[in-house]
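Take a look at the structure below.
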């Protein structure tokens, strides 16, 4: 940690190591250069992150469109349509079993009347 010391017209600043001193105007120039570099680096990284996010959205959109195209080409049915047809098949199966039982009962009655 740095701190200013000295009462003279050109204050000096201590560095991170004990006994390391530099005039404040030298430290100021280095700090400005370092700050400009860090600001430019931060701006560059922010722009890169924005570009990466935009690319991610574009890739997701393309993948979704490709997936939908593949599913459409496979001629698949939607879940709602499948459930409706399955329910219709279950009702038809129940009706078939009911009618089969009725036919068996009528055949038995006919056989009994023929005797």
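Coordinate-derived values only; no laboratory data. Being a predicted model, the structure only gives us computed values, none of them experimental. Every residue, glycine as well, gets a Cβ built from its backbone with ideal geometry; the counts of neighbours run over all protein chains shown.
Details
- At an R0 of 22 angstrom, the distance between the Cβ atoms of residue 59 and residue 79 translates into a FRET efficiency of 0.25.
- Net lengthening on full extension, residue 47/residue 87 (0.36 nm per residue, minus Cα-Cα): 9.0 nm
- Spin-label model distance (nm) - residue 113 vs residue 36, 7 Å beyond Cα toward Cβ: 11.1
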